[in-house]
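Colleague: Structure below; questions to follow.
Each reported figure results from applying straightforward, stated rules to the coordinates on display, with no laboratory input. No experiment lies behind these values; they were computed from the predicted model shown. So basically every Cβ, Gly included, is an ideal-geometry build from the backbone, and we count neighbours across all protein chains shown.
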Amino acid sequence: MGERGKDDAMKHRKTSLEPAADKPESEDPMARPATGHHRGEARLGREIQARIGQQLRAMYNDVVNQGVPPHLADLVRRLSDQDQE
Amino acid sequence: MKLDPAIRDQVLATVPSLRAFAISLCGNMDRADDLVQETLLRALAHIDSFEPGTNMPAWLFTILRNLFRSEYRKRRREVEDAEGRYAETLKSHPEQTGRVEFQEFRAALAKLPADQREALILVGASGFSYDDAAAICGCAVGTIKSRVNRARTRLADLLAIDSVDDFGPDRATRAVLAGGGRN
């Protein structure tokens, strides 16, 4: 961590990438937009949000791509063929 | 009279995303499949209350979400800390929660309050509009927006802290991004 040297001060001030660096801010989500006027953080924020979106969809689609398990397909077909009331 | 095959196919087509939603709610593949099965039984028993031409996925997701919530309420007396239980499930049965590459992300997701987690999944992964997500959760559109925003902020903090180097761009790029001088 120490070897990151001069970048540290900037990062500590502008991002929450470092644990506990700006704890009060990270504990209050509503406080974050207030720092959005730092264009660097806004960009870093968008970068992180884009990655979160990608991971979220990748995780979700991993299950979606498994398709319909046979026992659930059978269940739907069986119930569909029964007389509806 | 048998069920209209077109309706049946709409139900079947929604099953994969119902499963993905279910596992993101309860964090356990086996329980998720039970939840989906229960949802399908309930839905097909009450298929008359589905209006053809309306949003089948939203209808099924609403049923699943309500089933999950009523089960959750029932179990609240048994288990004091439901969120802790979700996290515990991830720890003790990692093999039931999907591929290992998503473990870290799931673990972070598990730390979110349930309201925020479901809102984020519905909008960010299932692709529902804010309006549909609000209808599914039975709350105002503004509430969904605020839950999604809080979920994203919290996830960013959790993931950035746990794995700066895995998650973020490389160090040089980060410095440029953090510096903000060169856009």
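Colleague: Taking 22 Å as R0, compute the FRET efficiency from the Cβ-Cβ separation of B:Asp131 and B:Ala6 and round it to 0.05.
Modeller: For B:Asp131 and B:Ala6, the calculated efficiency is 0.35.
Colleague: Evaluate peptide B:29-37: per residue, the Cβ atoms of other protein chains within 10 Å of its Cβ; return the mean as an integer.
Modeller: Mean shielding by partner chains, rounded to a whole number: 2.
Colleague: If you rank B:Met56, A:Met59 by fewest surrounding Cβ atoms within 10 Å, what's the result?
Modeller: B:Met56, A:Met59
Colleague: Applying 1/(1 + (r/R0)^6) with R0 = 41 Å to the Cβ-Cβ distance of B:Val141 and A:Asp81, what FRET efficiency is obtained, to the nearest 0.05?
Modeller: Efficiency, rounded to the nearest 0.05: 0.55.
Colleague: How much length, in nm to one decimal, is gained on full extension between B:Leu41 and B:Lys111, taken as 0.36 nm per residue of separation minus their Cα-Cα distance? Write down the numbers at each step before the final one.
Modeller: On the way: separation 70, 0.36 × 70 = 25.20 nm, distance 3.08 nm.
Net length gain for the segment: 22.1 nm.
Colleague: I would also like to ask the following. What FRET efficiency comes out for A:Arg57 versus B:Lys74 if R0 is 35 angstrom and r is the Cβ-Cβ distance? Round to the nearest 0.05.
Modeller: Values: r = 32 Å, r/R0 = 0.90.
Efficiency at R0 = 35 Å is approximately 0.65.
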